[in-house]
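Everything on this sheet refers to the single structure shown next.
The values are calculated or read from the model by the stated rules, or taken from the named source; none is laboratory data. Remember, predicted model here, so these are calculated numbers, not experimental data. Don't worry about glycine lacking a Cβ; one is built from the backbone with ideal geometry, like all the others, and counts go over all protein chains shown. Calculation scope for accessible area: heavy atoms of the full protein, side chains included, ligands and nucleic acids excluded. Shrake-Rupley method; radii C 1.70, N 1.55, O 1.52, S 1.80 Å.
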Amino acid sequence: QVQLVESGGGLVQPGGSLRLSCAASGRLFRIYDMGWYRQAPGKQRELVATITRGGSTNYADSVKGRFTISRDNAKNAVYLQMNSLEPEDTAVYYCNANIVVLTTTYDTWGQGTQVTVSS
């Protein structure tokens, strides 16, 4: 009923920056916690960052100090600003959100966007 659409992935050199965006489409819903996950080939999916509706954030140790998660509740959107990118950051990044429609909570995922860090 509610979909997440991601954008902003691409190819960037080490030390560069990218900004990922994720927006929810639909009606009569409210988004609570949101987050970004990533999965590299042959690796398990890992949590990158989370943000509550009130703006409290949490980061994986590997990205702390380099990535910043933010949200715009009016736009039903979440963002991930990625600075000082490293080759180890190369992965498919997925947006995740807990979305409430009426009284039902849905664990919703975006389609994923590829981030490649290489010279």
(message) Within segment 19-31, does at least one residue satisfy the condition of being open to solvent by 60 Å² or more (accessible area, probe 1.4 Å), within 17 Å of GLN3 (Cβ to Cβ) and part of a loop (DSSP other than H, G, I, E, B)?
(response) yes
(request) For segment 74-85, name all the residues that are in contact with a Gly (Cβ under 9 Å, 6 or more places away or on another chain), more than 10 Å from SER17 (Cα to Cα) and of a type outside the set (Val, Ile, Thr). (result) ASN76, TYR79, LEU80
(message) Among the residues of segment 37-46, are any more than 18 Å from ALA91 (Cβ to Cβ) and either in contact (Cβ under 8 Å) with a residue 60 or more places away in the chain or not in a strand (DSSP E or B) (or both)?
(response) no
(request) Take segment 64-119 and flag every residue that is in a strand (DSSP E or B), touching a residue at least 60 places away in the same chain (Cβ under 8 Å), open to solvent by 20 Å² or more (accessible area, probe 1.4 Å) and not β-branched (Val, Ile, Thr). (result) TYR79, GLN81, TYR94, ASN98, TYR106, TRP109, GLN114
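Given the criteria in a strand (DSSP E or B), in contact with a strand residue (DSSP E or B) (Cβ under 9 Å, 6 or more places away or on another chain) and open to solvent by 70 Å² or more (accessible area, probe 1.4 Å), does LEU11 qualify?
yes
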